[in-house]
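Take a look at the structure below.
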Amino acid sequence: MLKEFKKFILRGNVVDLAVGVVIGAAFTTVVNSVVKDMITPIITIFGSSKRFADAHFTIRGSEFLYGDFLNTLISFLIVAAVIFFIVVQPINKLNERFGGGKDTEAPTRKCPHCLSKIPKEATKCMFCTSEIKKAT
C-alpha cells in the first residue's frame with residue numbers, strides 16, 4: 001500500500017500539478033501586492049481616502065467596502081490576463097500549428113432509413129443494417 005502511494009505521489013502529473021499550484025499561489029501574492037502597493041495608491045491621488053482599500057460608503061449603518069472589492073477585482077483581472085496571454089494563447093497557437101484543432105473525422109451522411117450518421121462511403125448502415133446506395 002505504501003509503495004502504491006509513493007508511486008502515485010511521484011507520478012509526473014501529480015508533481016506538475018503541485019508545482020503549478022504553488023507557483024500560481026506565489027504569483028497571485030505578487031500581483032495582490034502590486035495592486036495594493038503600487039496601483040491603488042495612484043488611484044487614491046484622485047480620491048479623498050488615504051488608503052484605497054479603506055474606501056467605503058454607508059447606507060443605514062451598513063458599511064460597503066468598495067475599495068477592497070476593487071483591489072480584489074483588479075488583482076483578479078491581472079492574474080486572468082497573464083494566464084490568458086502567457087498560457088492560453090500560446091497553447092492555442094501551438095494546437096493550430098501542429099494540427100491539434102483540425103477535425104480528423106471522415107465525411108459522413110445520414111442513413112435514409114434510420115437517420116443515423118454513417119460514413120459517406122458506406123453501403124450498409126451499421127445501425128439498422130439497411131442496404132444503402134453508394135454516395136455519388
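The values are calculated or read from the model by the stated rules, or taken from the named source; none is laboratory data. Just so you know, these numbers come straight off a predicted model, no measurement behind them. Backbone-built Cβ (ideal geometry, glycine too); neighbour counts: all protein chains shown.
Some observations on this one:
- Test: residue in the range 116-135 that is at pLDDT below 85 and within 36 Å of the chain's Cα centre (by Cα): no
- Test: residue in the range 24-41 that is part of a loop (DSSP other than H, G, I, E, B) and free of Cβ contacts under 8 Å to residues at least 24 places away in the same chain: no
- Looking only at residues in the range 52-88 that are loosely packed, with under 13 Cβ neighbours inside 10 Å and in contact with an Asp or Glu (Cβ under 9 Å, 6 or more places away or on another chain), the one that is farthest from Phe27 (Cα to Cα) is Phe57.
- Any hit, the range 89-107, residues being of a type in the set (Ser, Thr, Tyr), at pLDDT 85 or above and either under 27 Å from Lys134 (Cα atoms) or surrounded by 11 or more Cβ atoms within 10 Å (Cβ to Cβ) (or both): no
- For the range 113-132, the criterion of a residue being assigned by TED's automatic domain parsing to the domain that holds Ile42, surrounded by fewer than 11 Cβ atoms within 10 Å (Cβ to Cβ), acidic (Asp, Glu) and not in a helix (DSSP H, G or I) is satisfied by no position.
- Among the residues examined, Val21 qualifies as exposed (fewer than 11 other Cβ atoms within 10 Å of the Cβ), in a helix (DSSP H, G or I) and at pLDDT 80 or above.
- Matching residues, the range 8-18, being surrounded by 10 or more Cβ atoms within 10 Å (Cβ to Cβ) and either of a type in the set (S, T, N, Q) or modelled with pLDDT under 80 (or both): Phe8, Ile9, Arg11, Val14, Val15, Asp16
- Scanning the range 40-71 for residues that are of a type in the set (Val, Ile, Thr) and modelled with pLDDT of 85 or more, we see that the one that is farthest from Val82 (Cα to Cα) is Ile59.
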